[in-house]
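*Asks:* I have a structure here, written as structure tokens, and I will follow up with some questions on it.
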């Protein structure tokens, strides 16, 4: 059994953004030399998500509008009593999910045609780390 | 360490449906010969979910009504500018989650009494694949 | 390859509660002797969640208020025709997610500064089990 760990850093220009990271994850799986196994991908932060969906700009816009509807940015969250202003970011990350686990088969991500891995940033403009952990043989 | 990969195909009669797949996943774990480890189950599509909940028809109806409330089918999503009509399917899949990872102990799914694995189809009536990846020993 | 399985029992005083379980998971990873791998943590019940977010009491209150808004306790769910009164618990668990998978690196949870593991109870006041499965080497 082998494992391989890589941490990458992302700093988005916008506070809220979606970044496609499929190629980066694929590259790390290649580096690992692992042919059969699993790869876990997650932000090391609690106001960001890693998720799998369609690489279509309209849909990414739909996500942002829908998240705003379900958990408005402007609401006076209890969390803000600590001096924070990112209550919504924690809720958006909850809706989009923290992590994804992807199967590795024959040395590559075992994906359907339209599956793409995204990093969802909900409180950016600062360095954020993504953890990629590969396990298998 | 061993791994085992199986892909199964589902084609639902209805556009939206929930299919219990616990027995199928259990069968694949049996075929794998793996006694201790993890099994990852996910659709290879971005308008479907794999999730764990109760096998109770009223609750499955509740899920559908609730998803409709949080992300209505009829809304004019940005995604529809591509010619698609399934914006809601992507959002429903997000709410229900993409994947589940289940522990395997003593050769079986390590489940509580009421845990059942479901495939949630949100844009069906076509062939869709589910990936089952077993890893362990 | 090694695996290690532990089940812990929680019985909350309140029907709805959030319990930080990071230290317990860390302890189990230590017991396992596994230095590199993954740990899966999930409730063995369908009205509870395991998730990762901030250990801040205001935010935990925000979660509860927000869940109530998206899936009210008092609604007459179809599920209640079975005699149950916990339709909302199943939906809240869906929003918060069932499980988390965490990377283990150098014998410890590979976490960012603010990541904490929580058990979210949505129908408590009874014994509930949490499964911790460690896999690696």
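Every number here is computed from the coordinates shown, using simple stated rules; none is lab data. Because the structure is predicted, anything quoted here is derived from the model rather than measured. No Cβ is skipped: glycine too gets one built from the backbone with ideal geometry, and neighbour counts run over all protein chains shown.
*Asks:* Is the C-alpha gyration tensor of segment A:1-95 telling us rounded, prolate or oblate? Criteria: a/c under 1.5 is rounded; beyond that, a/b larger than b/c is prolate, otherwise oblate.
*Replies:* prolate
*Asks:* Relative to the longest principal axis of chain B, what angle (0 to 90°, nearest 10) does the C-alpha long axis of helix B:87-96 take?
*Replies:* 40
*Asks:* Need one number: nm distance between label points at residue C:85 and residue C:106, each 7 Å from Cα along Cα→Cβ, rounded to one decimal.
*Replies:* 5.2
*Asks:* Further question: Report Rg (one decimal) and Dmax (nearest whole number) for segment A:98-137, counting Cα atoms only, units Å.
*Replies:* Over segment A:98-137's Cα set, Rg and Dmax evaluate to 13.1, 37 Å.
*Asks:* Two-decimal Rg/Rh of segment A:35-137 from alpha-carbon positions, Kirkwood Rh? Could the numbers behind the result be given before it?
*Replies:* On the way: Rg = 15.7 Å, Rh = 15.1 Å.
In segment A:35-137, Rg relative to Rh is 1.04.
*Asks:* Per DSSP H run of at least 4 residues, take -39500 (n - 2.57); add these up for chain A, divide by its residues and hand me the 222 nm value, nearest 500 deg cm²/dmol.
*Replies:* Helices in chain A give a 222 nm mean residue ellipticity of -8000 deg cm²/dmol.
*Asks:* Taking 37 °C and 0.692 mPa s as the conditions, I'd like the Stokes-Einstein D for segment B:16-70 in µm²/s, using the Kirkwood hydrodynamic radius from alpha carbon pairs.
*Replies:* Estimated via Stokes-Einstein, D reaches 245 µm²/s.
*Asks:* Which log10 I(q)/I(0) values, to two decimals, does segment C:53-102 give at q = 0.16, 0.18, 0.24 Å⁻¹ under the Debye formula with one point per Cα?
*Replies:* These q points yield log10 I(q)/I(0) values of -0.54, -0.65, -0.93.
*Asks:* Any chance you could list the semi-axes, whole Å, largest first, of the equivalent ellipsoid that the Cα gyration tensor gives for the protein assembly as shown, using √(5λ)?
*Replies:* Semi-axes (√(5λ), whole Å): 28, 24, 24.
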